[in-house]
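Trainee: Take this structure first; my questions come after.
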Amino acid sequence: MTLKICERCTAVFDGHKWYDDPEKHRALARRGAARVALCPGDERLEKRRVDGVVHLSGGFLRGHKEEAVNLIHNISEKHRHRNVAARLFEVKDADGGITVETTEVTLAEKIGKEFEKAFSGDLNISWLQGADFVRVKWRRD
């Protein structure tokens, strides 16, 4: 079995799959018991691979921008524990709203669905046919 640890985060590869485990990562690094590599999430960040774009807009965001950004980061952290490939590539102010680029389609979808669940509004999810790419739009005025 080939154990690996990510050189940039706390992901560990057990020979079958990557998962987030800070304690095991520290122990393996301390003992030098694992090969150092990039996990799928950090590899996607390195290659600048964006598989999802979320655009959040509407008047509601003006008064709730900090809350919205915190929700984005919380969703990302929770999702990353289930899938180390799912990362936020960039979160930026754009066109009076917030644009979020993700390295994984399910994270982009999850952000849109969680915004709809938390704040209502209108959600639209569009898959690019024949590709692993999703565009998510959420709006609340």
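The values are calculated or read from the model by the stated rules, or taken from the named source; none is laboratory data. Note that this is a predicted model, so its numbers are computed, not measured. Because the Cβ atoms are built from the backbone with ideal geometry, glycine has one as well, and the counts that use them run over all protein chains shown.
Trainee: At negative phi and within 11 Å of the chain's Cα centre (by Cα): is that true of Glu90 in this structure?
Mentor: Yes.
Trainee: Okay, moving on. Name every residue in the range 88-115 that is acidic (Asp, Glu) and either buried (at least 16 other Cβ atoms within 10 Å of the Cβ) or at pLDDT below 95 (or both), in order of residue number.
Mentor: Answer for the range 88-115, where residues must be acidic (Asp, Glu) and either buried (at least 16 other Cβ atoms within 10 Å of the Cβ) or at pLDDT below 95 (or both): Asp93, Asp95, Glu101, Glu104, Glu109, Glu114.
Trainee: If you don't mind, another one. What number of residues within the range 1-43 are among the polar types (S, T, N, Q) and surrounded by 15 or more Cβ atoms within 10 Å (Cβ to Cβ)?
Mentor: Residues flagged as among the polar types (S, T, N, Q) and surrounded by 15 or more Cβ atoms within 10 Å (Cβ to Cβ) within the range 1-43 amount to 1.
Trainee: If you take the residues in the range 123-141 that are among the small types (Gly, Ala, Ser) and at pLDDT below 95, which one is surrounded by the most Cβ atoms within 10 Å (Cβ to Cβ)?
Mentor: The residue in question is Ala131.
Trainee: Which numbered condition trips up Val36, out of (1) part of a helix (DSSP H, G or I); (2) more than 21 Å from Asp132 (Cβ to Cβ)?
Mentor: (1)
Trainee: Here's another thing I want to ask about it. Picking from His64, His79, which residue would you name as being touching a Lys or Arg at 6+ places or on another chain (Cβ under 6 Å) and farther than 17 Å from Arg48 by Cα?
Mentor: His79
Trainee: Quick one: Ala34 ticks every box in (1) touching an Asp or Glu at 6+ places or on another chain (Cβ under 7 Å); (2) farther than 12 Å from Glu104 by Cβ; (3) not charged (D, E, K, R) except a single one, so which number is it?
Mentor: Unmet for Ala34, out of (1) touching an Asp or Glu at 6+ places or on another chain (Cβ under 7 Å); (2) farther than 12 Å from Glu104 by Cβ; (3) not charged (D, E, K, R): (1).
Trainee: Conditions first: (1) closer than 19 Å to Ile125 by Cβ; (2) at pLDDT 95 or above; (3) not in a strand (DSSP E or B). His25 passes all but one, so which condition is the exception?
Mentor: Condition not satisfied by His25: (1).
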